[in-house]
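Written below as structure tokens is the structure these notes are about.
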Amino acid sequence: MVKRASNSMEGDRGAKGAAGRPDGRKPIAFDDQTLVRRFRQGDMESFSLLVAKYQDRIYNMLLRMCGRPADAEELAQEAFLRAMERIEQFHGRSKFYTWLFRIAANLAISHRRRGGRIKFHSLSGPEDGDSSGGDALTSGLAARRQIGPQEAAVAAETNEHVMAALGELDDEFRLVIVLRDIEEMDYAQVADVMNVPVGTVKSRLHRARAMLRDRLRGLLDDYE
């Protein structure tokens with residue numbers, strides 16, 4: 001995936017802290033505004049820290065949008081590359097991470113439209129080799145406890161149904177579900193990413209939830 005920064009943020013805080021860096025330079029501040037400013041001044045390490053800070057969230061969002069780990073990884077790399085190339089277009093009217101999410105979301109939507117309707121695969125299936133992406137989607141449906149083999153099989157089937165239902169939604173509805181219900185952004189943050197008013201976010205979310213419930217009606221009845 002996107003290459004992580006060589007030093008973790010916590011490591012830099014703890015090891016270098018008040019004592020400063022071994023090379024005599026001041027330690028880098030980790031708020032986005034400072035990192036963006038320093039990157040614009042030519043400090044590549046600052047952008048590496050932005051990548052390390054957001055790469056997991058960007059990848060997870062893209063995975064839920066496109067359904068395939070390989071596609072999500074490629075799109076995440078492209079999103080950070082575009083952010084790097086277009087950093088001068090970021091004027092600070094929104095938060096850096098919502099601007100970054102907007103770039104990634106637009107890439108996911110373009111990818112989906114180029115390929116037509118993407119077949120969503122189980123995020124816990126053998127093809128992916130990683131079940132982490134499906135947990136948030138199914139947490140409201142499956143019991144949060146240790147389960148046996150039979151229940152695990154049911155949970156995997158549930159995940160397949162949820163991912164398939166999410167994949168059937170149009171882009172604007174799928175994205176609002178991912179941002180609000182999975183990434184847990186607030187309405188203002190979702191509005192920034194989608195570049196629409198908060199009222200539009202709320203109306204789209206209401207419709208998206210209704211459509212998702214309708215597609216999962218039988219499944220939801222089993223857990224009531």
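Miscellaneous remarks
- Subset of the stretch 74-83 (residues that are more than 11 Å from the chain's Cα centre (by Cα) and touching a residue at least 40 places away in the same chain (Cβ under 8 Å)): Q77, F80
- Taking the stretch 147-180 as the range and being aliphatic (A, V, I, L, M), modelled with pLDDT of 55 or more and in a loop (DSSP other than H, G, I, E, B) as the test, only L169 passes.
- Residue in the stretch 93-100 that is within 17 Å of M194 (Cα to Cα), polar (S, T, N, Q) and touching a residue at least 12 places away in the same chain (Cβ under 8 Å) present: yes
- Every residue from the stretch 68-95 that is hydrophobic (A, V, I, L, M, F, W, C), more than 16 Å from D56 (Cβ to Cβ) and not in a loop (DSSP other than H, G, I, E, B): A70, L81, M84, I87
- Enumeration of residues in the stretch 52-102 that are aliphatic (A, V, I, L, M) and crowded, with 22+ Cβ neighbours inside 10 Å: I58, M61, L62, L63, M65, A72, L75, A76, A79, A83, L100
The values are calculated or read from the model by the stated rules, or taken from the named source; none is laboratory data. Just so you know, these numbers come straight off a predicted model, no measurement behind them. All Cβ positions, even for glycine, are placed from backbone atoms using ideal geometry, and neighbour counts span all protein chains on display.
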